[in-house]
Amino acid sequence: MLDIKFIRENADLVKAGAAKKHIEVDIDRLLAVDEERRQVRQELDTKRAEQNRMSNTISLAKGDERERYIEGMRHLKEGMAELEEKYKKIMEEWQSLMLQVPNIPDFSVPEGESDEDNQEVKVWGEKTHFDFAPKSHVELMTALDMLDLERGAKVAGFRGYFLKNDGVLLSNAIWQLALKHFTSKGLSPMFVPSLVRRENFLGTGYLPQGEEDLYKTQDGDFLAGTAEVATMGYHMDETLEEAQLPTQFLSFSPCFRREAGSHSKDVKGLIRVHEFYKWEQVILCKAEHDESVRMHEFLNHNTEEFIELLGIPYHTVANCGGDLGLGQVKKFDVELWVPGEQKYREISSASYFHDFQTRRLNIRYRAADGTMRFAHSLNSTAIPTPRILVSIVENYQQADGTIRVPSVLVPYMGKEVIGHGA
């Protein structure tokens, strides 16, 4: 959430930021409602002060004079009740409009409407080529009894899947390698809830705009699509000391997404599923832009290094304005080469938010000079499963239908090849 004072003083900048993100929000209406809110609040404060004065007067008055003051107090209270109800309605609209105001993207964010306009900033590895007809991950994993999509759909419906045998072992090997790699960077591991209260989604910016993509419980809570939501809630309504920053978490949880409106982007297999698992990097740091930029590069590089350990070709893109979320200042996507589709597919997103999330979640810190500030927040996917299996299986397939295990995963798998009794 942006500071309303900042919005008042920089309305044109906020409007330009919203336009760059292709997000519609009525800033002029917000400012009009804000002015009304301030006027009514001032009236209320004036009447409360008058009420206090009259209370003191009544305590000293006697007889008919006291009765007159009591009658005046009654009329004052009636007027205040009407004014408080008016203020309540104004505040409801003000809060709704404030939640719709997007963060301002960094000047370096490319112009564009969708992920088609993202700009490539790094390429690593050569795209995999085969001297035989390669198969898709669905064909390979089904033939090797690693995956059962048919029974997955029978049990869980559309996008359901069973991961089996070496599919499970491969996922577990990735989790173990991820735990080793990312904790070596100074991140503290944590298992976090997937069932999360609404306040955390509002705080992180996934509500109100993203509600259609969330699974909701009968109690009004939600299933999270990323461990970021619960992790950011960990310090909600707390004040940290500057010496505690940066806090660096490596959080793990099951994740759930409805994938609403994604039918036009459908692909077969494990690219887009409703239920998956993910290691997520989350950082709170000092409220300094340079620190956020440094941490952003740090998080994204951690994931790039992990992909390089696996030996999978990838590229990194800077997301354009239209491909940024409500709170993001800037975002990088790491995309892996998928031979079966002959294209790169996203595996990780790294974003920073300045104090957009921490204002909503009320996460502050006491600076060295004693002042109170809202921390800056960042997050980045460490690695998601089963999606990462797609690129591993397809890039490491062999002519006989077996799959070579990436060398860094062999100690965790206990084998070098998957398939045919290997």
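The values are calculated or read from the model by the stated rules, or taken from the named source; none is laboratory data. Only a predicted model underlies this, so the values are computations on that prediction, with no experimental measurement involved. Reconstructed Cβ throughout: ideal geometry from the backbone, glycine too, with neighbour counts over all protein chains shown.
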Query raised in the report: Which condition does Ile307 not pass, out of (1) out of contact with any helix residue (DSSP H, G or I) (no Cβ under 8 Å at 6 or more places or on another chain); (2) surrounded by fewer than 21 Cβ atoms within 10 Å (Cβ to Cβ), if it passes all the others?
Result: (2)
Query raised in the report: Any idea how many residues of segment 357-381 are out of contact with any Gly (no Cβ under 7 Å at 6 or more places or on another chain) and either surrounded by 24 or more Cβ atoms within 10 Å (Cβ to Cβ) or among the hydroxyl-bearing types (Ser, Thr, Tyr) (or both)?
Result: 11
Report task. Out of the residues in segment 372-422 that are in contact with a Ser or Thr (Cβ under 8 Å, 6 or more places away or on another chain) and among the small types (Gly, Ala, Ser), state the one that is farthest from Ile307 (Cα to Cα). Result -> Ala375
Query raised in the report: Do you know which residues across segment 1-50 are β-branched (Val, Ile, Thr) and touching a residue at least 60 places away in the same chain (Cβ under 8 Å)?
Result: Ile4, Ile7, Val14, Ile23, Val25, Ile27, Val33
Query raised in the report: Within the bounds of segment 268-282, is there any residue that is over 27 Å from Leu207 (Cα atoms) and modelled with pLDDT under 95?
Result: yes
Query - Filter pass, Val155 being β-branched (Val, Ile, Thr), surrounded by 14 or more Cβ atoms within 10 Å (Cβ to Cβ), in the same structural domain as Tyr396 (by TED's automatic domain parsing) and in a helix (DSSP H, G or I) - result: no
Query raised in the report: Tally time: how many residues in segment 158-192 are in contact (Cβ under 8 Å) with a residue 24 or more places away in the chain and either surrounded by 17 or more Cβ atoms within 10 Å (Cβ to Cβ) or part of a helix (DSSP H, G or I) (or both)?
Result: 22
Query raised in the report: Quick check: is even one residue across segment 116-125 surrounded by 12 or more Cβ atoms within 10 Å (Cβ to Cβ), within 30 Å of Gly210 (Cβ to Cβ), among the small types (Gly, Ala, Ser) and at pLDDT 85 or above?
Result: no
